[in-house]
Amino acid sequence: MTQPSYAAQSGATGHGALGTVLTVLFALACGALAANLYYAQPLVALIGDDTGLSPSTESMIVTVAQIGYAIGLVLLVPLGDLIENRKLILVTMAANVVSLAGLALAPGLTTLFAMMLVVGITSTAAQMLVPLAANLAPAAERGKVVGNVMSGLLGGILLARPVSSFLADYVGWRGVFGLSAGLIAALGLAGLILLPRREPHGERSYAVLIGSLGKLFMRQPVLRRRGIYHAAMFGAFSLFWTAAPVILLRDPYNFTPSGVALFTLAGVLGVFAAPVAGRLADRGYTRVGTIVAIATVIAAFVAALFGGASLAALVAAGILIDLGVQANLVFGQREIYQLDATIRNRLNAVYMTTFFLGGAIGSALSSPVLEAFGWVGVCVIGIAMPAAALAYFLVVDGAD
(Lines give C-alpha, C1' and ligand atoms only; values in the text may rest on other atoms or scores of the structure.)
Protein backbone atom coordinates (compact mmCIF):
# COMPACT_ATOMS: atom_id res chain seq x y z
CA MET A 1 0.00 0.00 0.00
CA THR A 2 1.45 3.35 -1.05
CA GLN A 3 1.39 6.07 1.59
CA PRO A 4 1.64 9.85 1.06
CA SER A 5 5.12 11.16 1.85
CA TYR A 6 6.07 14.47 3.46
CA ALA A 7 9.45 16.19 3.43
CA ALA A 8 11.23 16.47 6.73
CA GLN A 9 12.33 20.04 6.21
CA SER A 10 8.83 21.39 5.95
CA GLY A 11 7.32 22.77 9.04
CA ALA A 12 3.90 22.17 7.59
CA THR A 13 2.43 20.58 4.57
CA GLY A 14 -0.56 22.80 4.08
CA HIS A 15 -3.99 23.17 5.54
CA GLY A 16 -5.18 19.86 4.17
CA ALA A 17 -2.29 17.80 5.51
CA LEU A 18 -3.95 16.82 8.76
CA GLY A 19 -7.62 16.11 8.17
CA THR A 20 -10.25 15.15 10.70
CA VAL A 21 -9.86 11.37 10.37
CA LEU A 22 -6.09 11.52 10.76
CA THR A 23 -6.33 13.97 13.66
CA VAL A 24 -8.72 11.61 15.45
CA LEU A 25 -6.37 8.67 14.85
CA PHE A 26 -3.41 10.66 16.19
CA ALA A 27 -5.40 11.68 19.27
CA LEU A 28 -6.75 8.18 19.98
CA ALA A 29 -3.39 6.47 19.47
CA CYS A 30 -1.58 9.00 21.65
CA GLY A 31 -4.22 8.61 24.36
CA ALA A 32 -4.17 4.81 24.34
CA LEU A 33 -0.36 4.67 24.44
CA ALA A 34 0.00 7.26 27.19
CA ALA A 35 -2.71 5.53 29.24
CA ASN A 36 -0.41 2.53 29.67
CA LEU A 37 1.67 4.52 32.15
CA TYR A 38 -1.30 5.36 34.35
CA TYR A 39 -3.42 2.22 34.53
CA ALA A 40 -1.32 1.05 37.47
CA GLN A 41 -1.63 4.23 39.56
CA PRO A 42 -4.92 3.35 41.27
CA LEU A 43 -4.08 -0.37 41.21
CA VAL A 44 -0.73 -0.39 43.05
CA ALA A 45 -2.33 -1.70 46.24
CA LEU A 46 -4.13 -4.49 44.33
CA ILE A 47 -0.99 -5.42 42.40
CA GLY A 48 1.01 -5.30 45.61
CA ASP A 49 -1.42 -7.63 47.40
CA ASP A 50 -1.34 -10.08 44.47
CA THR A 51 2.44 -10.11 44.07
CA GLY A 52 3.62 -9.68 47.65
CA LEU A 53 5.02 -6.13 47.42
CA SER A 54 5.14 -4.19 50.69
CA PRO A 55 3.05 -0.99 50.99
CA SER A 56 6.19 1.17 51.11
CA THR A 57 7.41 -0.15 47.73
CA GLU A 58 4.14 -0.46 45.80
CA SER A 59 4.59 2.88 44.02
CA MET A 60 7.75 1.52 42.36
CA ILE A 61 5.41 -0.18 39.88
CA VAL A 62 4.47 3.26 38.51
CA THR A 63 8.03 4.56 38.85
CA VAL A 64 9.45 1.75 36.69
CA ALA A 65 6.98 2.56 33.90
CA GLN A 66 7.95 6.22 34.00
CA ILE A 67 11.66 5.39 33.99
CA GLY A 68 11.01 3.17 30.98
CA TYR A 69 9.23 6.06 29.28
CA ALA A 70 12.22 8.32 29.93
CA ILE A 71 14.51 5.68 28.42
CA GLY A 72 12.30 5.44 25.35
CA LEU A 73 12.25 9.20 25.00
CA VAL A 74 16.06 9.27 24.94
CA LEU A 75 16.75 6.19 22.85
CA LEU A 76 13.70 5.80 20.56
CA VAL A 77 11.94 9.14 19.98
CA PRO A 78 14.98 10.91 18.45
CA LEU A 79 14.97 8.26 15.71
CA GLY A 80 12.08 10.25 14.23
CA ASP A 81 14.70 12.75 13.03
CA LEU A 82 16.69 9.96 11.38
CA ILE A 83 14.43 7.23 9.94
CA GLU A 84 11.02 7.07 8.27
CA ASN A 85 8.40 8.02 10.86
CA ARG A 86 5.51 5.73 9.90
CA LYS A 87 7.61 2.58 10.11
CA LEU A 88 9.17 3.67 13.41
CA ILE A 89 5.78 4.36 14.99
CA LEU A 90 4.17 1.10 13.85
CA VAL A 91 7.10 -1.09 14.92
CA THR A 92 7.16 0.59 18.33
CA MET A 93 3.41 0.08 18.75
CA ALA A 94 3.79 -3.61 17.86
CA ALA A 95 6.46 -4.00 20.55
CA ASN A 96 4.12 -2.26 22.97
CA VAL A 97 1.40 -4.84 22.30
CA VAL A 98 3.83 -7.70 23.02
CA SER A 99 5.04 -6.11 26.28
CA LEU A 100 1.49 -5.45 27.50
CA ALA A 101 0.58 -9.08 26.87
CA GLY A 102 3.70 -10.13 28.77
CA LEU A 103 2.73 -7.89 31.67
CA ALA A 104 -0.77 -9.35 31.81
CA LEU A 105 0.72 -12.86 31.98
CA ALA A 106 3.66 -12.03 34.28
CA PRO A 107 4.22 -14.99 36.66
CA GLY A 108 6.36 -13.15 39.21
CA LEU A 109 7.88 -9.84 40.30
CA THR A 110 10.93 -10.04 38.04
CA THR A 111 8.81 -10.45 34.92
CA LEU A 112 6.31 -7.88 36.19
CA PHE A 113 8.91 -5.15 36.55
CA ALA A 114 10.72 -6.10 33.34
CA MET A 115 7.52 -5.96 31.30
CA MET A 116 6.44 -2.72 32.98
CA LEU A 117 9.77 -1.21 31.97
CA VAL A 118 9.31 -2.29 28.35
CA VAL A 119 5.71 -1.04 28.34
CA GLY A 120 7.05 2.35 29.41
CA ILE A 121 9.78 2.34 26.76
CA THR A 122 7.47 1.41 23.88
CA SER A 123 4.61 3.69 24.94
CA THR A 124 6.82 6.53 23.68
CA ALA A 125 5.29 5.90 20.26
CA ALA A 126 2.87 8.60 21.46
CA GLN A 127 5.74 11.09 21.47
CA MET A 128 6.63 10.14 17.91
CA LEU A 129 3.07 10.92 16.83
CA VAL A 130 2.92 14.40 18.43
CA PRO A 131 5.88 15.92 16.52
CA LEU A 132 4.64 14.22 13.33
CA ALA A 133 1.34 16.05 13.81
CA ALA A 134 3.24 19.31 14.42
CA ASN A 135 5.20 18.77 11.20
CA LEU A 136 2.00 18.25 9.22
CA ALA A 137 0.30 21.34 10.66
CA PRO A 138 0.40 24.86 9.20
CA ALA A 139 2.66 27.10 11.31
CA ALA A 140 -0.16 29.50 12.19
CA GLU A 141 -2.30 26.66 13.55
CA ARG A 142 0.41 24.55 15.15
CA GLY A 143 -0.67 25.36 18.69
CA LYS A 144 -4.27 24.40 17.89
CA VAL A 145 -3.26 21.16 16.16
CA VAL A 146 -0.88 20.15 18.94
CA GLY A 147 -3.58 21.07 21.46
CA ASN A 148 -6.14 18.88 19.67
CA VAL A 149 -3.78 15.90 19.49
CA MET A 150 -2.66 16.46 23.05
CA SER A 151 -6.29 16.53 24.18
CA GLY A 152 -6.45 12.91 23.03
CA LEU A 153 -3.18 12.06 24.74
CA LEU A 154 -4.25 13.79 27.93
CA GLY A 155 -7.68 12.20 27.71
CA GLY A 156 -5.96 8.82 27.72
CA ILE A 157 -3.89 9.81 30.74
CA LEU A 158 -6.90 11.10 32.64
CA LEU A 159 -9.28 8.29 31.69
CA ALA A 160 -6.69 5.59 32.42
CA ARG A 161 -7.19 5.84 36.17
CA PRO A 162 -11.01 5.54 36.31
CA VAL A 163 -11.07 2.94 33.51
CA SER A 164 -8.47 0.71 35.19
CA SER A 165 -10.13 1.06 38.60
CA PHE A 166 -13.53 0.16 37.18
CA LEU A 167 -12.30 -2.75 35.06
CA ALA A 168 -10.23 -4.18 37.91
CA ASP A 169 -13.46 -5.10 39.70
CA TYR A 170 -14.42 -7.33 36.75
CA VAL A 171 -11.26 -8.53 35.00
CA GLY A 172 -8.56 -7.91 37.62
CA TRP A 173 -5.42 -5.86 37.13
CA ARG A 174 -4.05 -8.36 34.62
CA GLY A 175 -7.15 -8.04 32.48
CA VAL A 176 -6.70 -4.27 32.34
CA PHE A 177 -3.32 -4.64 30.62
CA GLY A 178 -4.59 -7.45 28.39
CA LEU A 179 -7.40 -5.23 27.12
CA SER A 180 -4.91 -2.42 26.53
CA ALA A 181 -2.85 -4.77 24.34
CA GLY A 182 -5.93 -5.39 22.21
CA LEU A 183 -6.66 -1.68 21.87
CA ILE A 184 -3.12 -0.79 20.83
CA ALA A 185 -3.16 -3.64 18.30
CA ALA A 186 -6.38 -2.31 16.73
CA LEU A 187 -4.99 1.24 16.53
CA GLY A 188 -1.78 -0.10 15.00
CA LEU A 189 -3.79 -1.76 12.25
CA ALA A 190 -5.61 1.52 11.60
CA GLY A 191 -2.25 3.29 11.48
CA LEU A 192 -1.01 0.77 8.93
CA ILE A 193 -3.74 2.03 6.62
CA LEU A 194 -3.92 5.75 7.48
CA LEU A 195 -0.59 7.03 8.77
CA PRO A 196 1.36 9.07 6.20
CA ARG A 197 5.01 8.48 5.46
CA ARG A 198 7.50 11.13 6.54
CA GLU A 199 11.08 10.66 5.42
CA PRO A 200 13.43 12.89 7.44
CA HIS A 201 16.62 14.20 5.88
CA GLY A 202 18.75 12.81 8.70
CA GLU A 203 22.43 12.65 7.86
CA ARG A 204 23.78 11.92 11.36
CA SER A 205 24.57 8.56 12.87
CA TYR A 206 22.46 7.23 15.73
CA ALA A 207 25.29 7.80 18.24
CA VAL A 208 25.69 11.42 17.16
CA LEU A 209 21.92 11.87 17.26
CA ILE A 210 21.64 10.62 20.85
CA GLY A 211 24.74 12.54 21.89
CA SER A 212 23.14 15.75 20.66
CA LEU A 213 20.33 15.54 23.24
CA GLY A 214 22.44 16.73 26.17
CA LYS A 215 23.83 19.55 24.04
CA LEU A 216 20.29 20.63 23.17
CA PHE A 217 19.39 20.77 26.86
CA MET A 218 22.39 22.96 27.64
CA ARG A 219 22.26 25.19 24.56
CA GLN A 220 18.52 25.81 24.31
CA PRO A 221 17.47 27.89 27.33
CA VAL A 222 13.76 27.75 26.45
CA LEU A 223 13.89 23.96 26.23
CA ARG A 224 15.84 23.68 29.48
CA ARG A 225 13.57 25.98 31.45
CA ARG A 226 10.35 24.46 30.13
CA GLY A 227 11.59 20.97 30.95
CA ILE A 228 12.47 21.96 34.51
CA TYR A 229 9.17 23.78 35.09
CA HIS A 230 7.18 20.78 34.01
CA ALA A 231 9.39 18.26 35.81
CA ALA A 232 8.28 19.89 39.07
CA MET A 233 4.66 20.00 37.93
CA PHE A 234 4.62 16.40 36.74
CA GLY A 235 6.33 15.26 39.91
CA ALA A 236 3.47 16.78 41.91
CA PHE A 237 0.92 15.21 39.55
CA SER A 238 2.43 11.72 39.95
CA LEU A 239 2.73 12.15 43.70
CA PHE A 240 -0.97 12.99 44.08
CA TRP A 241 -2.42 10.39 41.73
CA THR A 242 -0.30 7.56 43.12
CA ALA A 243 -0.97 8.39 46.78
CA ALA A 244 -4.64 9.51 46.66
CA PRO A 245 -6.09 6.13 45.54
CA VAL A 246 -4.17 4.42 48.35
CA ILE A 247 -5.72 6.58 51.08
CA LEU A 248 -9.15 6.13 49.53
CA LEU A 249 -8.82 2.36 49.95
CA ARG A 250 -8.09 2.87 53.68
CA ASP A 251 -10.01 4.29 56.65
CA PRO A 252 -12.02 6.50 56.82
CA TYR A 253 -13.03 6.11 53.16
CA ASN A 254 -12.68 2.34 52.55
CA PHE A 255 -13.46 2.69 48.84
CA THR A 256 -13.72 -0.27 46.48
CA PRO A 257 -11.78 -0.08 43.19
CA SER A 258 -15.00 1.07 41.51
CA GLY A 259 -15.30 3.83 44.11
CA VAL A 260 -11.75 4.91 43.34
CA ALA A 261 -12.72 4.94 39.66
CA LEU A 262 -15.48 7.46 40.36
CA PHE A 263 -13.03 9.63 42.27
CA THR A 264 -10.43 9.59 39.51
CA LEU A 265 -13.05 10.76 37.02
CA ALA A 266 -12.59 14.17 38.64
CA GLY A 267 -9.28 14.51 36.84
CA VAL A 268 -10.87 13.97 33.42
CA LEU A 269 -11.87 17.64 33.38
CA GLY A 270 -8.19 18.39 32.86
CA VAL A 271 -8.52 17.30 29.22
CA PHE A 272 -10.26 20.60 28.46
CA ALA A 273 -7.14 22.53 29.43
CA ALA A 274 -5.12 21.31 26.42
CA PRO A 275 -7.04 22.86 23.49
CA VAL A 276 -7.66 26.07 25.46
CA ALA A 277 -3.97 26.36 26.36
CA GLY A 278 -3.00 25.75 22.74
CA ARG A 279 -5.21 28.57 21.51
CA LEU A 280 -4.01 30.94 24.25
CA ALA A 281 -0.41 30.16 23.29
CA ASP A 282 -1.15 30.93 19.63
CA ARG A 283 -2.42 34.36 20.79
CA GLY A 284 0.69 35.17 22.82
CA TYR A 285 -0.52 34.42 26.36
CA THR A 286 2.10 31.81 27.21
CA ARG A 287 3.72 33.74 30.08
CA VAL A 288 0.56 34.59 32.00
CA GLY A 289 -0.89 31.18 31.20
CA THR A 290 2.16 29.47 32.69
CA ILE A 291 1.90 31.50 35.90
CA VAL A 292 -1.80 30.66 36.26
CA ALA A 293 -1.20 26.96 35.52
CA ILE A 294 1.55 26.57 38.13
CA ALA A 295 -0.36 28.60 40.74
CA THR A 296 -3.39 26.37 40.16
CA VAL A 297 -1.43 23.26 41.18
CA ILE A 298 -0.11 25.00 44.31
CA ALA A 299 -3.68 25.91 45.27
CA ALA A 300 -4.76 22.33 44.57
CA PHE A 301 -2.35 20.89 47.12
CA VAL A 302 -3.38 23.49 49.68
CA ALA A 303 -6.93 22.20 49.25
CA ALA A 304 -5.64 18.62 49.40
CA LEU A 305 -4.31 19.24 52.93
CA PHE A 306 -7.91 18.79 54.06
CA GLY A 307 -8.32 15.59 52.01
CA GLY A 308 -7.54 13.25 54.86
CA ALA A 309 -11.06 13.83 56.16
CA SER A 310 -12.82 15.62 53.29
CA LEU A 311 -13.62 13.88 50.03
CA ALA A 312 -14.74 17.20 48.53
CA ALA A 313 -11.28 18.64 49.13
CA LEU A 314 -9.67 15.65 47.41
CA VAL A 315 -11.99 15.95 44.41
CA ALA A 316 -11.30 19.68 44.09
CA ALA A 317 -7.57 19.05 44.33
CA GLY A 318 -7.70 16.35 41.64
CA ILE A 319 -9.55 18.65 39.22
CA LEU A 320 -7.21 21.58 39.78
CA ILE A 321 -4.02 19.51 39.56
CA ASP A 322 -4.97 18.03 36.22
CA LEU A 323 -6.12 21.36 34.78
CA GLY A 324 -2.90 23.10 35.80
CA VAL A 325 -0.52 20.33 34.75
CA GLN A 326 -2.10 19.70 31.35
CA ALA A 327 -2.24 23.42 30.51
CA ASN A 328 1.41 23.88 31.43
CA LEU A 329 2.38 20.90 29.29
CA VAL A 330 0.82 22.42 26.17
CA PHE A 331 2.32 25.85 26.85
CA GLY A 332 5.72 24.20 27.07
CA GLN A 333 5.30 22.14 23.90
CA ARG A 334 4.13 25.17 21.94
CA GLU A 335 7.30 27.01 22.99
CA ILE A 336 9.77 24.26 22.15
CA TYR A 337 8.18 23.48 18.78
CA GLN A 338 9.02 27.03 17.68
CA LEU A 339 12.76 26.46 18.15
CA ASP A 340 13.72 24.34 15.12
CA ALA A 341 11.30 22.52 12.82
CA THR A 342 13.96 20.05 11.61
CA ILE A 343 14.69 18.55 15.06
CA ARG A 344 11.27 18.46 16.69
CA ASN A 345 11.59 14.80 17.66
CA ARG A 346 14.77 15.51 19.59
CA LEU A 347 13.36 18.66 21.18
CA ASN A 348 10.29 16.70 22.24
CA ALA A 349 12.48 13.87 23.53
CA VAL A 350 14.54 16.17 25.75
CA TYR A 351 11.47 17.99 27.05
CA MET A 352 9.54 14.83 27.83
CA THR A 353 12.52 13.01 29.32
CA THR A 354 13.22 15.90 31.67
CA PHE A 355 9.74 16.08 33.08
CA PHE A 356 9.11 12.33 33.14
CA LEU A 357 12.14 12.00 35.39
CA GLY A 358 10.37 14.49 37.65
CA GLY A 359 7.26 12.30 37.47
CA ALA A 360 9.28 9.21 38.36
CA ILE A 361 10.63 11.00 41.43
CA GLY A 362 7.11 12.02 42.45
CA SER A 363 5.67 8.52 42.14
CA ALA A 364 8.69 6.98 43.87
CA LEU A 365 8.21 9.33 46.82
CA SER A 366 4.48 8.72 47.20
CA SER A 367 4.46 5.35 49.03
CA PRO A 368 7.40 5.93 51.43
CA VAL A 369 6.28 9.48 52.25
CA LEU A 370 2.70 8.35 52.78
CA GLU A 371 3.82 5.55 55.09
CA ALA A 372 6.28 7.72 57.05
CA PHE A 373 4.56 11.12 57.20
CA GLY A 374 0.96 10.51 56.19
CA TRP A 375 -1.18 12.45 53.76
CA VAL A 376 -0.01 15.83 55.10
CA GLY A 377 3.57 14.92 54.19
CA VAL A 378 2.45 14.14 50.64
CA CYS A 379 0.71 17.52 50.38
CA VAL A 380 3.69 19.46 51.71
CA ILE A 381 5.93 17.98 49.03
CA GLY A 382 3.16 18.56 46.49
CA ILE A 383 3.10 22.26 47.36
CA ALA A 384 6.90 22.57 47.34
CA MET A 385 7.40 21.17 43.83
CA PRO A 386 5.27 23.66 41.83
CA ALA A 387 6.21 26.49 44.21
CA ALA A 388 9.87 25.94 43.30
CA ALA A 389 8.93 25.90 39.60
CA LEU A 390 7.01 29.17 39.94
CA ALA A 391 9.90 30.86 41.76
CA TYR A 392 12.31 29.70 39.04
CA PHE A 393 9.95 30.91 36.31
CA LEU A 394 9.56 34.37 37.82
CA VAL A 395 13.33 34.76 38.29
CA VAL A 396 14.68 33.50 34.97
CA ASP A 397 11.91 33.66 32.36
CA GLY A 398 12.73 36.25 29.76
CA ALA A 399 16.36 36.49 30.88
CA ASP A 400 17.63 34.82 27.71
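The values are calculated or read from the model by the stated rules, or taken from the named source; none is laboratory data. Keep in mind the model is a prediction, meaning the values are calculated, not measured. Here the Cβ is made from the backbone with ideal geometry for all residues, glycine too, and neighbour counts use every protein chain on show.
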Examine the stretch 80-90 for a residue that is under 21 Å from GLY178 (Cβ atoms) and crowded, with 21+ Cβ neighbours inside 10 Å, and state whether such a residue exists. no
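What number of residues within the stretch 132-144 satisfy the criterion of being crowded, with 20+ Cβ neighbours inside 10 Å, in a helix (DSSP H, G or I) and modelled with pLDDT under 80?
Of all residues in the stretch 132-144, those crowded, with 20+ Cβ neighbours inside 10 Å come to 132-137, 142-143.
Then keep just the ones that are in a helix (DSSP H, G or I); that gives 132-136, 142-143.
Filter once more, so that each one left must be modelled with pLDDT under 80: 134-136, 142-143.
Going through the stretch 132-144 one residue at a time, the tally reaches 5.
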Of the residues that make up the stretch 200-221, is at least one part of a helix (DSSP H, G or I) and among the charged types (D, E, K, R)? yes
Of the listed residues (PHE263, PHE240, PHE177), the one being among the aromatic types (Phe, Trp, Tyr), crowded, with 17+ Cβ neighbours inside 10 Å, closer than 24 Å to LEU117 by Cα and in contact with a Leu (Cβ under 7 Å, 6 or more places away or on another chain) is PHE177
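Given the criteria crowded, with 17+ Cβ neighbours inside 10 Å and part of a helix (DSSP H, G or I), does SER258 qualify?
Values: crowded, with 17+ Cβ neighbours inside 10 Å: no; part of a helix (DSSP H, G or I): yes.
Criteria not met by SER258.
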When the residues of the stretch 51-82 are filtered to those that are of a type in the set (Ser, Thr, Tyr) and part of a loop (DSSP other than H, G, I, E, B), which remaining residue is nearest to the chain's Cα centre (by Cα)? SER59
Out of all the residues in the stretch 317-333, is one or more within 23 Å of PRO162 (Cβ to Cβ), modelled with pLDDT under 90, surrounded by fewer than 17 Cβ atoms within 10 Å (Cβ to Cβ) and of a type in the set (S, T, N, Q)? no
Looking only at the stretch 349-400, which residues are free of Cβ contacts under 8 Å to residues at least 24 places away in the same chain and buried (at least 23 other Cβ atoms within 10 Å of the Cβ)? none
In the stretch 29-58, the residues that are of a type outside the set (A, V, I, L, M) and crowded, with 24+ Cβ neighbours inside 10 Å: CYS30, GLY31, ASN36, TYR38, TYR39, GLN41, PRO42, GLU58
Out of (1) modelled with pLDDT of 85 or more; (2) crowded, with 21+ Cβ neighbours inside 10 Å, the odd one out for LEU18 is which? (1)
Count, please, the residues in the stretch 121-174 that happen to be closer than 23 Å to ILE319 by Cβ and basic (Lys, Arg). 1
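Inspect the stretch 145-165 for any residue being touching a residue at least 40 places away in the same chain (Cβ under 8 Å) and either surrounded by fewer than 19 Cβ atoms within 10 Å (Cβ to Cβ) or of a type in the set (D, E, K, R) (or both) and give the result as yes or no. Spell out the reasoning first.
At the first step, the residues of the stretch 145-165 found to be touching a residue at least 40 places away in the same chain (Cβ under 8 Å) are 145-165.
Subset that is either surrounded by fewer than 19 Cβ atoms within 10 Å (Cβ to Cβ) or of a type in the set (D, E, K, R) (or both): 161.
Checked against the condition, which is being touching a residue at least 40 places away in the same chain (Cβ under 8 Å) and either surrounded by fewer than 19 Cβ atoms within 10 Å (Cβ to Cβ) or of a type in the set (D, E, K, R) (or both), the stretch 145-165 yields at least one hit.
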